[in-house]
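Visitor: The structure's right below; bear with me while I get my questions together.
The values are calculated or read from the model by the stated rules, or taken from the named source; none is laboratory data. Bear in mind that the values here come from a model prediction, so they are computed numbers and not experimental data. Please note: Cβ atoms are built from the backbone with ideal geometry, for glycine as well, and neighbour counts cover all protein chains shown. When the accessible area is computed, the model is the full protein with side chains, heavy atoms only, and any ligands, DNA or RNA have been set aside. Shrake-Rupley method; radii C 1.70, N 1.55, O 1.52, S 1.80 Å.
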Amino acid sequence: MSVWEFAVIAVLFGVGAYMVTERSLTRIALGVGVLGNGVNVVIITAGSNTGEAPILGRTGDLTDPLPQALVLTAIVIGFALLTFLMTLAWRNWTLTHDDEVEDDVEDRMIASRAERMDKSGDQPHHEDVVP
Amino acid sequence: MTSLVVLPVLIPLCAAAVMLILRSPMWQRVLSFVALLSSLAVAIAVLVEVWTDDEILVTRLGGWPGSFAISMVADRLAAVLVVVALGVTSTVLIFAIGQRSRDEQSPFYHPVYMVMTAGIVQAFLAGDLFNLFVAFEILLMASYVLLTLEGTREQIRSGTTYVVLNVIESLVLVVAVGLIFGATGTVNFAELPARLAELPDGVRNGLQLLLLVAFGIKAAVFPLFFWLPDSYPTAPSSASAVFAGLLTKVGVYCLIRVQTLLFPGEMRGLVLVVGALTMLVGVIGAISQQDMKRILSFHIVSQIGYMVFGLGIGGTAAIAATIFYLIHHIPVKTSLFLVEGIIERDSGSSSLASVSGLARRSPMLAMLFLVPALSLAGLPPLSGFLAKFAIVRAGLDDGHYVVVTVALVVSLLTLVSMVKIWVGAFWGEPSNDRDISQANILLASPSMSVATGMMVALSIAIAIGAGPLYEFAGDAARQVLDVGGYVVGVRGS
């Protein structure tokens, strides 16, 4: 394991984490893709030694095939997730013509109710919450 | 006999594959039932076997020896949870078919529902960490689709949050799996306890924290719960009932495994504090809400706190109480969401401001709500009281007076918010609209009512059979805590 592998992991995680915190769903999806690749590099670097291809019948310094099998599965799953996220983004765009991830409506209503209560000092009325 | 263990996963998956070819709604429904009921029958057979013989059933896929095979493991805890999960999914299926909502008419509803069931069952039976990760992905992927099946604006909005959060949870989990493999050279649950014990403390703590965070997001514990009350209420009622009843409990189940099998009894203080905060924050969130589904969603968070609290106490009595709590909570929470589904179908809304007078219109429906609601709050003689009593007693025996106080206060606050639903939706004058107020709510869709009734009856049955069930939970807890026995049982040596 070399310092370059660490550097690659750090860059992938950094870029991915930054993009996931964006508001635009497309960027989040791309960020998830980058993070996913970072994770795959982690598994490969942490889990396997470098050596010959592990084929039945060969001897000598063989690599451990298990991390590669794990990463292969993780790549397939990551691909499916990314596709689903992109579909969500597309659906969101056709419905609202923007790509923003919005706040929860009910949360905002409760927050604004609390603000009004703070200003007027009143008790909340049941009717306040009817959207 | 041992190859039975894999069937409750395989049957729903094969049924899903057939259903994708066979698009007729009638056949899909029949096939769903056949698949779930036959899986349930197999699961009960496995449970009986595990219960009577005091052995752990293991299937090694592909027949590879020892730790090389992907193994499916059914011990007492896993077997009983599989039975409960399949019982709940079958009942909710009756409800969903009776509901005839837009999403149930979709040709993808039933296949996706089957895949989710298979994922849940596989998560309980997984014998290694990576298999567990795959099971999580299966059930999460299916839940994404169920949550956004109608594709409305509201569903897409909350679905986005849910999907992104869970994708990040999956990434944390897979990093944890990768690092654990890097550190120990295995992902098999039977090999891990010994190998993990050899690691330096710092590495162990890091790995444990990664797992706790990953499963904590799934179980919706205190700092990581915020996605849940936002996303569950927008799902169709039948889907949110399964989500509420089962998905978070898969997270709790994994937390139990982490705290008993992989890192026995470590970081209990942290788990205890997280449990107390989860209870408190969840119930306070519930009190501030004005919508039934949202109140109930916050209660999921709050109730998870009790189970995490039990886990934080540690020891046989507390783990037994946690297992009992887990088993009691699944039908109770599911039936509350089902009652909410009936109300929503009748009134077209789950907002407390627009629903009223249900008790006068349908006393039976009021009863169906009242029993699980009071059980959730922990009133005797219902199952919730017994579960809470067991956890509180274990807490007192261990001297955690502060957290026990929190648990009791939260119980009271739970009652307050249930009273809020009761006053808002069930008391008062029925709506003036003659067409609506004349119709009988329960007879409008008999199969929805029957399904809800079955869930409520199950929770009452748990209260009646509490003695034997608690003994069983104790046996399961002893088996879960006996790491050596697990290792020997799975290796088969």
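Visitor: Hey, what angle do you get for helix B:363-377 against the long axis of chain B, alpha-carbon based, 0 to 90 degrees rounded to 10?
Guide: With both axes taken from Cα atoms, the answer is about 30 degrees.
Visitor: Could you state the angle between the C-alpha long axis of helix B:383-397 and the longest principal axis of the C-alpha atoms of chain B, as a value from 0 to 90 degrees rounded to the nearest 10?
Guide: Relative to chain B, helix B:383-397 is tipped by roughly 40 degrees.
Visitor: Now for a separate question. Ratio of Rg to Rh for segment B:181-236, alpha carbon only, Kirkwood?
Guide: Values: Rg = 15.8 Å, Rh = 13.4 Å.
Rg/Rh for segment B:181-236 comes to 1.18.
Visitor: Does segment B:276-328 classify as rounded, prolate or oblate by the C-alpha gyration tensor (a ≥ b ≥ c root eigenvalues; a/c under 1.5 gives rounded; else a/b over b/c gives prolate, otherwise oblate)? Don't skip to the end; give the middle numbers.
Guide: Values: a/c = 5.48, a/b = 2.22, b/c = 2.47.
Oblate.
Visitor: Turning to a different aspect of this structure: Taking the 0 to 90 degree range and rounding to the nearest ten, how far is the long axis of helix B:76-99 tilted relative to the main principal axis of chain B, both from C-alpha atoms?
Guide: 30
Visitor: Above 20 angstrom, tally the Cα pairs of segment B:42-145 and express them as a % of all pairs, no decimals. Can you show the working numbers first?
Guide: On the way: 2502 of 5356 pairs.
Of the Cα pairs, 47 percent sit more than 20 Å apart.
Visitor: Moving on to the next point. To the nearest 10 square angstrom, how much accessible area does residue A:45 have with a 1.4 angstrom probe?
Guide: 20
Visitor: For chains B and A, what's the summed buried accessible area, probe 1.4 Å, to the nearest 100 square angstrom?
Guide: On the way: alone 17510 and 9840 Å², together 24100 Å².
Summing both sides, the interface buries roughly 3200 Å².
Visitor: Still on this structure: In square angstrom, rounded to the nearest 10, how much accessible surface does residue A:115 have for a 1.4 Å probe?
Guide: Taking all protein chains as shown, residue A:115 has close to 110 Å².
Visitor: Same structure again: Considering every residue in B:161-172, what mean count of other chain Cβ atoms within 10 Å of its Cβ is obtained? Show your work: numbers first, answer last.
Guide: Numbers: counts 4, 0, 8, 10, 0, 1, 13, 7, 0, 7, 12, 1.
Per-residue shielding by partner chains comes out at 5.
Visitor: Leaving ligands, DNA and RNA out of it, rank B:5, B:145 by accessible area with a 1.4 Å probe, largest first. Display every interim value, and only then the final one.
Guide: Working: B:5 5, B:145 40 Å².
From most accessible down to least: B:145, B:5.
Visitor: Under a point spin-label approximation (7 Å from Cα along Cα-to-Cβ), what is the residue B:444-residue A:118 distance to one decimal in nm?
Guide: Modelled inter-label distance: 4.0 nm.
Visitor: Through the Karplus equation 6.51 cos²θ - 1.76 cosθ + 1.60, θ set to phi - 60°, convert the phi angles of segment A:75-83 into ³J(HN,Hα) values in whole Hz; use x for Gly and Pro.
Guide: With the stated coefficients, segment A:75-83 comes to 5, 4, 4, x, 4, 4, 4, 4, 4 Hz.
Visitor: Name the aspartates and glutamates eligible as straight-distance cross-link partners of residue B:333: C-alpha to C-alpha under 13 Å, and not fewer than 8 places from it in the same chain.
Guide: none
Visitor: Pop a pseudo-label 7 angstrom from the Cα along the beta-carbon direction at both residue A:93 and residue B:44 and give the gap in nm to one decimal.
Guide: Each label point lies 7 Å from its Cα, and together they span 5.2 nm.
Visitor: Quick query: amide H of residue B:128 versus all other amide H atoms, modeled in the peptide plane; which residues come in under 5 Å with a sequence gap of 5 or more or a different chain?
Guide: B:71, B:189
Visitor: Please name whichever of B:379, B:176, B:94 sits farthest to the positive end of the charge dipole of the protein assembly as shown, dipole taken about the Cα centre and charges placed at Cβ: Lys and Arg +1, Asp and Glu -1.
Guide: B:94
Visitor: Starting from the Cα gyration tensor of segment A:3-100, take the square roots of the eigenvalues, sort them a ≥ b ≥ c, and report rounded, prolate or oblate (rounded when a/c is under 1.5, otherwise prolate if a/b is larger than b/c, else oblate).
Guide: Verdict is oblate for segment A:3-100.
Visitor: What is the distance in Å between the Cα centres of segment A:60-119 and segment B:113-143?
Guide: What the calculation gives is 19 Å, centre to centre.
Visitor: Which value results when the Cα radius of gyration for the protein assembly as shown is divided by 2.2 N^0.38 Å?
Guide: Values: Rg = 24.0 Å, N = 624, 2.2 N^0.38 = 25.4 Å.
Ratio of Cα Rg to 2.2 N^0.38 Å: 0.95.
Visitor: Determine the alpha carbon to alpha carbon distance for each of A:119/B:388; B:293/B:388; A:119/B:293; B:249/B:420 and list only those over 32 Å. Intermediate values should be presented prior to the final figure.
Guide: Numbers: A:119/B:388 40 Å; B:293/B:388 23 Å; A:119/B:293 29 Å; B:249/B:420 26 Å.
As for pairs spanning more than 32 Å Cα to Cα, those are A:119/B:388.
Visitor: Using only the alpha-carbon atoms, what does segment B:2-491 span along each of its principal axes? Please give whole angstrom values in decreasing order.
Guide: 71, 57, 42
Visitor: I'd like the Karplus ³J(HN,Hα) series for segment B:157-164: coefficients 6.51, -1.76, 1.60, θ = phi - 60°, whole numbers in Hz, and an x wherever there's a Gly or Pro.
Guide: 4, 6, x, 4, 4, 4, 5, 4
Visitor: Explain nothing, just compute: Karplus ³J(HN,Hα) = 6.51 cos²θ - 1.76 cosθ + 1.60, θ = phi - 60°, for every residue of segment B:138-150 in order, whole Hz, x for Gly and Pro.
Guide: So the J values, rounded to whole Hz, are 4, 6, 5, 4, 5, 5, 4, 5, 4, 5, 10, 4, 6.
Visitor: Calculated from DSSP H runs of 4 or more alone, at -39500 (n - 2.57) each and per residue, what is the 222 nm mean residue ellipticity of the protein assembly as shown, nearest 500?
Guide: Working: 28 runs with 456 residues, N = 624.
That comes out to -24500 deg cm²/dmol.
Visitor: Run the accessible area of the protein assembly as shown with a 1.4 Å probe and give the carbon-and-sulfur part as a rounded percent. Let's see the in-between values first.
Guide: Numbers: 16210 of 24100 Å².
Percent of accessible area from carbon and sulfur atoms in the protein assembly as shown: 67.
Visitor: If the label point is 7 Å along Cα→Cβ of residue B:270, which residues in segment B:292-318 have backbone nitrogen under 19 Å from it?
Guide: B:305-315
Visitor: Over segment B:135-241, how many percent of alpha carbon pairs lie in each 5 Å bin up to the one with the longest distance?
Guide: Binned Cα distances yield the sequence 2, 12, 19, 20, 14, 11, 8, 7, 4, 1, 0.
Visitor: Can I ask one more? Using the heavy atoms of the protein chains alone and a 1.4 angstrom probe, what is the accessible area of the protein assembly as shown per residue in square angstrom? The partial results should precede the final answer.
Guide: Values: 24100 Å² over 624 residues.
Heavy-atom accessible area per residue stands at 39 Å².
Visitor: Accessible area of residue B:442, 1.4 Å probe, to the nearest 10 Å²?
Guide: Only protein atoms counted, so the area is about 30 Å².
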